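Structure first, commentary second.
Each reported figure results from applying straightforward, stated rules to the coordinates on display, with no laboratory input. Every value quoted in this text rests on a predicted model; they were computed, and no experiment measured them. With ideal geometry, Cβ positions are generated from the backbone for all residues, glycine too; neighbour counts draw on all protein chains shown.
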Amino acid sequence: MVPRRRHPPVRPQRRRRLGPPLYSPVDGDIVACFRRLPDDNEDGSEPAACPGTSGASNRCVAGGNHVVIRTTDGHLISLNHFRQDSIPAALCPITDTMLFDDDPKVCSLFGWNAALREGARLDNRSIAPIPVRKGEFVGRVGLSGNTNGVHLHMGVSEFTTDPAGNYCSRKSASEFREGWSQVRTPGSRPTRATGIGCRAPSCRSTAPPISCCGRTRSASGSTSCRSSRARCRRWR
């Protein structure tokens, strides 16, 4: 008889601190990033390395660990609050451990805002933009920067450059084809995910969806939303 192979015990992991994986929503180039900033404390307070107030030299940058992706259609997409050291070094070669709130942003164009912090820009470090593909792993949801809970903060903006080559941005409306949410109560499992996935304009309603799994209807009664059973199972 062949003896049964014993597998080493699996150590339980603290899922809250680990965070779910994040993947690039688009094809593009990473032009700015930071990955080694300390995570906030479990209660959401700032870590000992970031005790300052907003704008102070000892306050960690609000976006925490992040990547900024430049797309070919003229946008910047920022993904913020990653877990410390979860962004692959190949996508973010910056090895500094601290980036503070007073690190400058520069843009000289009227009507545009400064987009990238000087300390996070790859070009300031003689690093070429790093290609990233849609669906590629870019890190894990975390608790770094100005946040009191584990979450992802995503921003989309138009971009251009000023005569000095600094990145400038302005607000840009974003349309989402699908949206999902889960209600979390401390001490209990999350509820089943609810959401709406639409292809037709008639399905883009502000009213909450009737159902997640199966065919979701908008308030107008449209059945143009696609079936989402497999997707819902993954989000339970």
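Annotations
- The trypsin sites (Lys or Arg not before Pro) of the range 64-128 include none that DSSP puts in a loop with a beta carbon having at most 12 other beta carbons within 10 Å.
- The range 67-94 versus the range 133-186: alpha-carbon centroid distance in Å: 9
- Stretchable slack from ASN113 to ALA48, in nm (0.36 nm times residue separation minus alpha-carbon distance): 20.3 nm
- Dipole magnitude for the range 64-107: computed about the Cα centre from +1 point charges on Lys and Arg Cβ and -1 point charges on Asp and Glu Cβ, it is near 180 debye.
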